[in-house]
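First up is the structure itself, then whatever we jot down about it.
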């Protein structure tokens, strides 16, 4: 050990380097030399790697290349490899170190991915790839919250090998455990690409806000849903037709449930909430609704009232705990979030210092997501070190779920009501009984066509806009109205947020 320390001290003196520079550029940890001087003993693999890097630098004046292993060569993985091969020289100039893809792995080796694999080591087993001594950094782009993705990330982190992943499901389910492994082994864990694709919101939360505390975060975090709702608002077409177009264009999967029912947004929101509020990740504590029940009636009425419908993920902290919810939301047309259309994403951070900060950009796609993966790789190559979840994992507070809060803008409620005397009276009486104040009642004859013959009943569309009220009161009123027999089917309930 003393011989190793002496070798580093000689290197520092010979090249007139500071301990911080040595730690950042060779050890991958700006505090490495300081920790070493205080008696922290690195692993033998780490010592050997550092000795080789010093030897190469003494001979050539260049750092050892950072060798990348990529597991998963789908759209994002293939794009990442192509970027590193195409822009390698420019990247090296930026960080003073060459980055090379030395190993890859995927389900099929024979598939043409648009780049040459002949000089890259191939692994069929992602765990073997993550454990290989021929890579310095492991990139997980397999997907899935368990199985090979989890096993390979654990293997890399346990071996003190930094990891970059775009896997929001993995992080939402196992993020705290993985952060603890990374902290214990001294490895970095980057996941910028896991939330909102090409938008650097993770970096902003971990590094960019200083001492500012986040009070609320919300945003559009799923490009598929935003594309569908944007198209429905611009053209007189149904949800089903928009979904088919999204699938043909590659914006939606053949089974779109994970996207359109809000689960993808929920995973991203769970990660954001942990970073915003320094709490344990709690994906099962999120209220989730999707967009599959949104109709043209809702789109048209919202437009007439001065709103757009967006699928939002929202999280806010109060004395009661943390509220997390994902659902369709009426937002004013004049608000910034309403004008984020198509496949774009946006995340808003409300803090005690900078008030409202909105980050917007492409939320999906190979190039945008690969760019975020590369950003993490470059940070690691530069020796940037931050706790994966913003604070050490053992300092994360237990998650405490808050009740659904009062909403400033109230609720939009649409009924398919029986066209008989007394129906409106039953609805308004139930609302009043549960303390819900009605701002306006809208009856739209022009929307009757789609509901004209439900179960042989003549119906009319009745829409209520309420003043602010509690979620539980609305739910009780809707249950009572449903049991009255005066409405058909489930009422459409959409929250209104006045950003």
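Each value in this text was obtained by applying a stated rule to the coordinates, not by laboratory testing. Keep in mind the model is a prediction, meaning the values are calculated, not measured. So basically every Cβ, Gly included, is an ideal-geometry build from the backbone, and we count neighbours across all protein chains shown.
Below is a table of values for the structure above.
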| item | result |
| --- | --- |
| Highest-first arrangement of 428-438, 321-331, where packing means the average Cβ count within 10 Å | 321-331, 428-438 |
| Set of segment 25-57 residues, backbone N closer than 18 Å to the point 7 Å along the Cα-Cβ line of residue 133 | 42-56 |
| Value of [θ]222 nm, deg cm²/dmol, for the chain, DSSP H segments ≥ 4, -39500 (n - 2.57) each, nearest 500 | -11500 deg cm²/dmol |
| Rounded, prolate or oblate (a/c below 1.5 giving rounded, otherwise prolate when a/b exceeds b/c) for segment 411-496 by Cα gyration tensor | prolate |
| Estimated FRET transfer efficiency (residue 235, residue 98; beta-carbon r; R0 41 Å; 0.05) | 0.25 |
| Residues of segment 110-126 with amide N under 20 Å of a point placed 7 Å along Cα→Cβ from residue 62 | 119-121 |
| Tensor-based shape of segment 118-211 (alpha-carbon gyration tensor, a/c under 1.5 rounded, otherwise prolate or oblate) | prolate |
| Mean separation of Cα contacts under 8 Å, 6 or more apart, over the residue count of segment 354-484: relative contact order % | 29 |
| Whole-angstrom gap from segment 299-320 to segment 35-84, using each part's C-alpha centre | 46 |
| Stretch gain in nm, segment residue 124-residue 318, where the contour uses 0.36 nm per residue and the Cα spacing is subtracted | 65.0 nm |
| Relative contact order [Cα under 8 Å, 6+ residues apart], the chain, whole percent | 14 |
| Distance-filtered residues of segment 242-258 - backbone nitrogen under 20 Å, label point 7 angstrom along residue 490 Cα→Cβ | 243, 256-258 |
| Length released on extending from residue 400 to residue 207, taking residue separation times 0.36 nm less the Cα-Cα span | 67.0 nm |
| Peptides 267-277, 36-46 ordered by average Cβ neighbours within 10 Å, highest first | 267-277, 36-46 |
| Acute angle (nearest 10 degrees) that the helix 75-86 long axis makes with the longest principal axis of the chain, alpha-carbon atoms | 40 |
| Shape call, segment 2-60: gyration tensor on alpha carbons, a/c limit 1.5 | rounded |
| Given [x] 23.2, 69; [y] 25.8, 83; [z] 26.6, 94, the label whose value is Rg and Dmax of the Cα atoms in Å derived from this model | [z] |
| Full-extension gain in nm, residue 184 to residue 10, via 0.36 nm per residue minus C-alpha separation | 59.8 nm |
| Centroid-to-centroid separation of segment 275-289 and segment 188-247 [C-alpha atoms, Å] | 16 |
| Nearest-0.05 FRET efficiency for residue 296 and residue 2, computed from C-beta distance (R0 60 Å) | 0.20 |
| Contact order relative to length of segment 2-60, as percent, for alpha carbon pairs under 8 angstrom and 6 or more apart | 26 |
